[in-house]
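Engineer: I have a structure here, written as C-alpha cells, and I will follow up with some questions on it.
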Amino acid sequence: MRTGLLRFDGTVAHDPAIDAWMKAHENALGAIARTWFDVMRRCGDEVRELLHDGCPTACFGDVPFAYVHAFTSHVNVGFFQGASLPDPSRLLEGSGRFMRHVKLRPDRAIDAAALRILIETAYADIKARVENGE
C-alpha cells in the first residue's frame, strides 16, 4: 500500500556512512550532533538509519522521523513531521509545511529534557502513522 509518508530506500540498523560523518565532525558541533543522534538511535528496536542529503537520518523502518546536521556555527536537530509535533517549550523553528528543526549552538543552553521529549514524540508519531497505514 502506498502512503503519503516520505520513505527512503537503503535504511540499515547501523550505517557506517554515519560513523564516517561523525568522525569528520570531531569538534564541538559534531559532539552536539552525536549526542542527539544517539538519542534518536535509542528510541526503539525498529530504528533504522541512513545518510540522506549529507545528514545522519533516523527512521522508523523506512520512514524518517529526525536528523542532525552540522553547519558552520550551529547544529540542526530536524523533524520530518515537526509541524504536527506538540512543542510546549517552543524549541521548534521553521515554517515549512511539514518539517521543523531545533537550532543548537555550543555557547547557548538548551532544554535537553524538552528536546529529548521532542525526539521521542517524533518517533512515536511516525511509528503510529506507519502502523495505522498512513
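Engineer: Using Cα springs under 10 Å in a Gaussian network model of the chain, which residue among Ala66, Ala28, Ala58 shows the largest mean-square fluctuation?
Structural biologist: Ala28
Engineer: Would you work out the relative contact order for segment 16-131, in percent, from Cα pairs under 8 angstrom that are 6 or more residues apart?
Structural biologist: 23 percent.
Engineer: With each pseudo-label sitting 7 Å past Cα toward Cβ, what's the Ser84-Arg105 distance in nm, one decimal?
Structural biologist: A separation of 3.3 nm, rounded to one decimal place.
Engineer: Quick one: length gained pulling Ala114 to Ala17 fully straight, 0.36 nm per residue minus the C-alpha distance?
Structural biologist: 32.1 nm is the gain from fully extending Ala114 to Ala17.
Engineer: Let me ask something additional. Might you report the magnitude of the Cβ-based charge dipole of the chain about its Cα centre, with Lys and Arg at +1 and Asp and Glu at -1, to the nearest 20 debye?
Structural biologist: 320 debye
Engineer: Right, next: Dividing the convex hull volume of the Cα atoms of the chain by its residue count, what figure in Å³ per residue is obtained?
Structural biologist: Value for the chain: 104 Å³ per residue.
Engineer: Right, something else. Along the charge dipole of segment 21-81, Cβ charges K/R +1 and D/E -1, which of Ala28, Thr57, Asn76 sits furthest on the positive end?
Structural biologist: Going by the Cα projections, it comes out as Ala28.
Bear in mind these aren't lab numbers, they're just calculated from the coordinates by the rules spelled out. Everything quoted here is computed from the prediction, not taken from an experiment. Because the Cβ atoms are built from the backbone with ideal geometry, glycine has one as well, and the counts that use them run over all protein chains shown.
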